[in-house]
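The structure under discussion appears below in the form of structure tokens.
We did not get these values from a lab; they are worked out from the coordinates using the rules stated. Because the structure is predicted, anything quoted here is derived from the model rather than measured. Using ideal geometry, Cβ is built from the backbone for each residue, glycine included, and neighbour counts are taken over all protein chains shown.
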Amino acid sequence: MSGPRRNRVTPLGEIIADPARGLVYGNRGCLHDAHGQIRRSHSGRLWIACRLEFKGRRRPLLRPGRYTELFFLDDATALAAGHRPCAECRREDYDRFLEAWPDPFPPGPRAPVINAQLHAERLDEHGTQRHHSNTFDALPDGTFVLREGAPWLVEGTSLRRWTPGGYADAIRRPRGTAVVITPPSLVAVLAGGWRPTAVPFIHKSR
């Protein structure tokens, strides 16, 4: 196979081909065919973000009938695309994520509740990524917003433009209303102070 694989995910949830290395690994089901070509955007409601390395495990990419291995620039990118931390390889992150979840859980397993709510928040009935509105002042660090059709990261007093290889231009955080990419429940988790420890949260350019 020549050129980079199509297995990188943008904050807008798109799956692209790019040679830059992602710092976070994850999946959203089996998306590829027997020839390793991506044929769908997702399969099911379980969208997770994982460690790049865990217990020395190694797996060939794009095996027929198995989940499609995806890569993200950082965890903020994975959250914007609608992925939550994995409950196995990132157990500590996941447990703290449950504590920061904004809504009370009904009796029973919690993961299916989270998966269903995030699925409703990230995609509309046509499979297009949902966006919502909030004031710039109310957005916690790690949130992504849409500016001139491109994803920008909220970090402190600035917005930073996302690229597959890292963050580029920076501008001062505007005032007024933002078009928010990161799903509402995940914005609330960030606002509650949740930060990952198992994977890089925000890519730091060298």
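Calculated on the Cα set of the range 1-49, radius of gyration then Dmax: 11.0, 31 Å.
Given the range 1-115, what whole percent of its Cα pairs are spread farther than 18 Å? Of all Cα-Cα distances in the range 1-115, 52 percent exceed 18 Å.
From least to most packed, judged by other beta carbons within 10 angstrom and beginning with the fewest, 187, 24 follow the order 187, 24. Proximity of backbone amide H atoms, modeled 1.01 Å from N, is registered between residue 123 and 130 at under 5 Å, excluding neighbours fewer than 5 places apart on the same chain. When the chain is described by a simple charge dipole with +1 on each Lys and Arg Cβ and -1 on each Asp and Glu Cβ, the residue from 25, 102, 10 located farthest towards its positive end is 25.
With the biggest extent put first, the Cα atoms of the chain measure 48, 45, 36 Å across the principal axes. If you average the sequence gap of Cα pairs under 8 Å that are 6 or more apart and divide by the length of the chain, what percent do you get for the contact order? Computed over the chain, the figure is 23 percent.
Summarising the strand pairing of the chain, around 90 percent of its internal DSSP beta bridges are antiparallel. When restricted to Cα atoms, the range 54-146 yields an Rg and a Dmax of 15.5, 46 Å, respectively.
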